[in-house]
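Everything below concerns the one structure shown next.
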Amino acid sequence: MTRTVKRKTVNDPVAPETAERAFADNRLAMELFGSHHRNLARIEQVMDVAINARGNEVTITGDADAVNGAARVLDGLYGRLEKGHEVNGEEVEAVLRMAKAPGGDIADADLTIRTRKRHISPRSSGQADYLRAIDDVKLVFGEGPAGTGKTYLAVAKGVERLVKGSVDRIILSRPAVEAGEQLGFLPGDMREKVDPYLRPLYDALFDMLPESQVVKRLEKGEIEVAPLAFMRGRTLSNAFVILDEAQNTTAVQMKMFLTRLGENSSMVITGDLSQVDLPSGVRSGLRDAMETLTGVDGVAFITFTETDVVRHPLVSRIVRAYGKVEERRKSGARYEKKANAETKSEAVDDD
């Protein structure tokens, strides 16, 4: 239980707002505060407030909106502890990210995926929207930069449904396309050729299930990891199907894959349109599908941005920097195209 007291100096509109929280369980309160009050210090830094802790009580001081936000963060984290969830540095960052996002809802952090090895919660508002979309519709497109959890969360959802028995199998696929390499020139048999392309999918599986279970389910066909070409001519029923790196499909390949969807199945398509490795002039199947299927009932599109990057903070800054450069290049190309058109028009007029 918590209690809140707000105080403001009478006749002083610029005086700081104050809120107090008292946490009933001393042990959980200590977990909430973190070692040497590390979590409180991080909340202070991000929310721009001052937090003073005594025993199992805290006093938050600062601007009214910031104080209210910090109080909601503390309440949300304490609520997670009461439910038996761990509150570590990553969880604190996730709740802070949601608290700072426009329209963000701290309760989104409770959209927990339960697998045999881990409980996984969304770490941004975009991730929360993504998980809700996967629950609500049969076909979800997740597009955006690296580090936003598109593939990892999709695999987690698939594992959760498989363990619950709501699907018979998980099918994970990728197009075997990489700039500068062709499969035919790589050494080894077909499995040795394609495994490097599929390794990230295996890594996600081993993060969520014991290794023995992954191996057993792979042998039984309950989990299938295969290149996109292996999907042709099949109907994928009673399955959770994921197509990763979809920006490297052609429009024909994408249509083929989408039409494999069978009874009691769901599909998640993930990709990053800023990292297309197709030959010049070949249109990405991901872009084509997102444009073609806009407005189609039962299809959801989630676009991730650098604010959803949950890897090292530097990754978010890298994504943002590349985005700015790409936008400048596009602007320059538009300007050059316009200038060329005007020059051509003037030449025609002179004639």
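Laid out as a table, the results:
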| quantity | calculated |
| --- | --- |
| Inter-label distance for residue 251 and residue 283, nm, one decimal - labels placed 7 Å from Cα along Cα-to-Cβ | 0.2 |
| Protection-proxy order for peptides 149-155, 39-45, 129-135, each taking the mean of Cβ atoms within 10 Å per residue, highest first | 149-155, 129-135, 39-45 |
| Convex hull of Cα atoms in region 23-163, direction-averaged projection (nm²) | 9.4 |
| R0 of 56 Å, Cβ-Cβ distance residue 119-residue 54: FRET efficiency to nearest 0.05 | 0.95 |
| Calculated FRET value between residue 41 and residue 314, using beta carbons and R₀ = 22 Å, to 0.05 | 0.55 |
| Cα-projected label distance for residue 226 with residue 112, points at 7 Å along beta-carbon direction, nm | 3.6 |
| Gain upon complete extension [residue 22, residue 238; 0.36 nm per residue less C-alpha separation] | 72.9 nm |
| Two-site label geometry, residue 215 and residue 261: point separation in nm, points 7 Å out along Cα→Cβ | 3.6 |
| Order by protection proxy (mean Cβ within 10 Å, highest first), peptides 279-285, 156-162 | 156-162, 279-285 |
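Quick note: the coordinates plus some simple rules give every number you see, no bench work behind them. All figures in this text were calculated on a predicted structure; none of them were measured in a lab. Counting neighbours? That spans all protein chains shown, and the Cβs are built from the backbone with ideal geometry, glycine included.
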